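**Q** Have a look at this one.
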Amino acid sequence: MRFLNWRLGDSRGAVRACILVLLTALMGATPSVAEQISRECSLVDLSIQSGRDSFAYAINERGQVIGQSNTAEGGAHAFLWTAQGGMIDLGTLGGRDSIALAVNERGQVVGYSDTTDYGLPHAFLWTAQGGMVDLGTLGGGFSFAVAVNERGQTIGRSFTADGSVHAFVWTAQGGMVDLGTLGGSNSVAVAVNERGQVVGNSVTTDGSEHAFVWTAQDGMIDLNPLGDRSSAAAVNERGQVAGYTDTTDFVWTAQGGMVDLGNLGGGAGPPSAFNERGQVVGQSFAADGNGRAFSWTAQGGMVDLGTLGGSYSNASTVNERGQVVGYSFTAEGSAHAFVWTAQGGMIDLGTLGGSFSNASAVNERGQVVGGSTTSDGSVHAVVWACPG
């Protein structure tokens, strides 16, 4: 099974920056914040040496980048990249393919890998000291790890012996713990904070799907006990949960319950990230039916982040400085990665010479990671470094 499934990416940010500089010089004007940011963003191709397809999914504050890259043998392996050491192949659990999805500040990497057991993928934890460790399953054949906090708590989902799928939390001390369900057969964990609060979605006794928050003390709590379908997407260190229902996005707190975030004139789309300042980002739908990247705060409500000239945009995540990243369609129909700030608006991050790029993560230093197509149509993992 080949995991590499990249979505978008491409074109040259250097050309765009040079045009902005030239126009500013000709007009004798002071460059705007957007122009300054655009010209100062640098782009690094992580596959420049191998030339193989790759994509970056996450970056920590140390600048360690993780993702997946094709191999010379035809597989696709999880990788860890640093400016000092380049791209390191993290290997597999005995099978052909693996993918890294998250990394914490300690350099612990999680994801999933094919195994020698008929290639069935298992969740893994990788460290520089111990290599790739199989986290096992909840009795079934598959497991997938999607996030890890600074304490090494790893969350994801696993098949059970009866064929159901259950959310899990794994620790070095306790192994893999089944988080159960809200009465139905399946549950999925999507995010965990430093307090060990896990959020996700579970089927209930009546067959609907509800968002949940789980703690070791209280177990699994239904965030929408009286409502229809709901899903959790992110949790911050304050215990605030961002999610969505069939009609709207929401923020949930233990004190205030669900707060309706509204929408951009159309239907609700999924939020994707939540920072410690209470800023939620994701996608909502405008009155014309097109998806738009949004940023929501309690003070300012939901703000449409606009596009790069096209009709569609989506926000992937946000850092503590309020830098939002994602991708947007351009007037020409391409899709380019962007970084957005309240001061500079939406900035086109360009590509590696192709027509598409996508930003998947950003750290507090303003380093943005994702992927871009090249002039020959390949997809390469990239790092953009942008000022705040």
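The values are calculated or read from the model by the stated rules, or taken from the named source; none is laboratory data. Just so we're clear, the structure is a prediction, and the values are computed from it rather than from any experiment. All Cβ positions, even for glycine, are placed from backbone atoms using ideal geometry, and neighbour counts span all protein chains on display. These area figures cover heavy atoms from the full protein model, side chains too; ligands, DNA and RNA do not enter into them. Shrake-Rupley method; radii C 1.70, N 1.55, O 1.52, S 1.80 Å.
**Q** Using Cα pairs under 8 angstrom and six or more residues apart, how large is the relative contact order of the chain, in percent?
**A** This gives 16 percent for the chain.
**Q** Moving on. Please state the relative contact order of the range 203-321 as a whole percent: Cα pairs under 8 Å, 6+ residues apart?
**A** Relative contact order, the range 203-321: 16 percent.
**Q** Restricting to bridges with both residues inside the range 197-344, how much of the DSSP beta-bridge set is antiparallel, in percent to the nearest 5?
**A** Counting only bridges with both partners in the range 197-344, antiparallel ones make up about 95 percent.
**Q** Which whole-number percent is the relative contact order of the range 39-184 (Cα, under 8 Å, 6+ apart)? Mind showing how you got there, number by number?
**A** On the way: 351 pairs, mean separation 19.4, N = 146.
Relative contact order of the range 39-184: 13 percent.
**Q** Measure off 7 Å from each Cα along the Cα-to-Cβ vector at F142 and Q84, then give the distance between these two points in nanometres to one decimal.
**A** 3.9
**Q** Quick one: pull the percentage of alpha-carbon pairs in the range 179-315 with a separation above 24 Å. Intermediate values should be presented prior to the final figure.
**A** Numbers: 2664 of 9316 pairs.
Here the long-distance tail beyond 24 Å is 29 percent of all Cα pairs in the range 179-315.
**Q** With a probe of 1.4 Å, find how much accessible area the chain has per residue, and write the answer as a whole number in Å².
**A** 40
**Q** Over all directions, the average projected area of the alpha-carbon convex hull for the chain comes to how many nm²?
**A** With every direction weighted equally, the projected area is 19.7 nm².
**Q** Can you tell me what share of the DSSP beta bridges in the chain is antiparallel? A percent to the nearest 5 is fine.
**A** DSSP beta bridges in the chain are roughly 95 percent antiparallel.
**Q** Could I have the simple spin-label model distance between D134 and S42, label points 7 Å from Cα toward Cβ, reported in nm to one decimal?
**A** If labels sit at D134 and S42, their model points lie 4.3 nm apart.
**Q** Grab the beta carbon distance between Q299 and A254, set R0 = 22 Å, and tell me the FRET efficiency rounded to 0.05.
**A** The pair Q299/A254 has a calculated efficiency of 0.55.
**Q** Counting each DSSP H run of 4 or more residues in the chain as -39500 (n - 2.57), what helix-only mean residue ellipticity at 222 nm follows after dividing by all residues, to the nearest 500 deg cm²/dmol?
**A** Estimated from H runs of four or more residues: -2000 deg cm²/dmol.
**Q** Sticking with the crude label model, points 7 Å out along Cα→Cβ, report the distance from R229 to D178 in nm, one decimal please.
**A** So the two model labels end up 2.6 nm from each other.
**Q** Roughly to the nearest percent, how much of the accessible area of the chain is carbon and sulfur, given a 1.4 Å probe?
**A** Whole-percent figure for carbon plus sulfur exposure: 51.
**Q** Let me ask something else about it. Accessible area, 1.4 Å probe, largest first: how do V203, V133, V280 sort?
**A** V133, V203, V280
**Q** Moving to a separate point now. For the range 133-221, divide the Cα radius of gyration by the Kirkwood radius and give the resulting Rg/Rh value with two decimals.
**A** 0.94
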